[in-house]
Amino acid sequence: MADCQALRPFRLVWEGVGDSLLGFGPLAPVLRELAREFPLEVHLLTDLRFRRMNHLFPSESRQLLRRLLPGVPSYLYEWNKSMLSTIACHCDLAVLPVDMSNPMVRDKAENRLMLFWRMGVPCATSATPAFQRVFGECGLRDGFQSAEDWRRGLARLMASQEERCRNADAGRAYLAERVSEPQLLANWDHLIEAVMAS
């Protein structure tokens, strides 16, 4: 992972369903501001076309991205498993902004955070309950509430490879301790034993 002062642009990665692109709304002005200060690229993996809830016609991810991130070099890829790992592992930081006004999105589990950590990619996220719980257990402070939180947090993470490594290392340790296959099997064993005992 390179520091943002390096010659090549600092690469952010995001993945999700097309509707989740709307989570970039509050983050978009921050990224436009940072792109004026640092060489920056945003790599996004999603559905190229998606249907928004209560919309008759499908939306185009590329058009939505142009409206959200004008002036920020952005690259859109159709989501698939091999493309995700290829792109993510060449990026410096994953961003997981969430539309905090939508309870169905805000209250989702931490799966995307785990996905990037499993690939060794550090993450910055919105301060959802699930992300905050996991970051708290890892001793991290990389879940952001406001646009100003995002601006300060991203600037800190972009400027410090050490901070990004600390994030990724904490994520790997969390996965090994809490989400490893032996741990998951042990959890299932406990659940089955509890059900059989009652």
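The values are calculated or read from the model by the stated rules, or taken from the named source; none is laboratory data. Remember, predicted model here, so these are calculated numbers, not experimental data. Don't worry about glycine lacking a Cβ; one is built from the backbone with ideal geometry, like all the others, and counts go over all protein chains shown. Protein only, heavy atoms only, side chains kept; ligands, DNA and RNA dropped before computing areas. Shrake-Rupley method; radii C 1.70, N 1.55, O 1.52, S 1.80 Å.
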Students sometimes get this wrong: rank HIS43, HIS90 by accessible area, probe 1.4 Å, all chains present, largest first. HIS90, HIS43
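State, as an integer percentage, the relative contact order of region 66-127 based on alpha-carbon contacts under 8 Å between residues 6 or more apart. Working shown, then result.
Working: 44 pairs, mean separation 22.9, N = 62.
Relative contact order comes out at 37 percent.
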For percent of Cα pairs over 21 Å apart, the listed values are (i) 46; (ii) 58; (iii) 54; which was obtained by calculation from the structure presented? (iii)
Contact order normalised by length for region 112-198, with contacts defined as Cα pairs under 8 Å and 6 or more residues apart; what percent is it? 32
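Keeping all protein chains in place, calculate the accessible area per residue for the chain (probe 1.4 angstrom), answer in Å².
53
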So the carbon and sulfur contribution to the accessible area of the chain, 1.4 Å probe, in percent, is 56
Order by protection proxy (mean Cβ within 10 Å, highest first), peptides 191-198, 95-102: 95-102, 191-198
For the chain, calculate the relative contact order in percent as a whole number, restricting contacts to Cα pairs under 8 Å that are 6 or more residues apart. 21
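Given the -39500 (n - 2.57) contribution per DSSP H run of 4+ residues, what per-residue ellipticity at 222 nm results for the chain, rounded to the nearest 500 deg cm²/dmol?
Value at 222 nm, helices only: -15500 deg cm²/dmol.
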Taking the Cα centre of region 4-136 as the origin and placing charges on Cβ (Lys, Arg +1; Asp, Glu -1), which of VAL105, LEU31, THR46 is farthest toward the positive end of the dipole? THR46
Taking the Cβ of TYR75 as the centre, find all other residues whose Cβ is under 10 Å away and add up their charges (Lys, Arg: +1; Asp, Glu: -1). 0
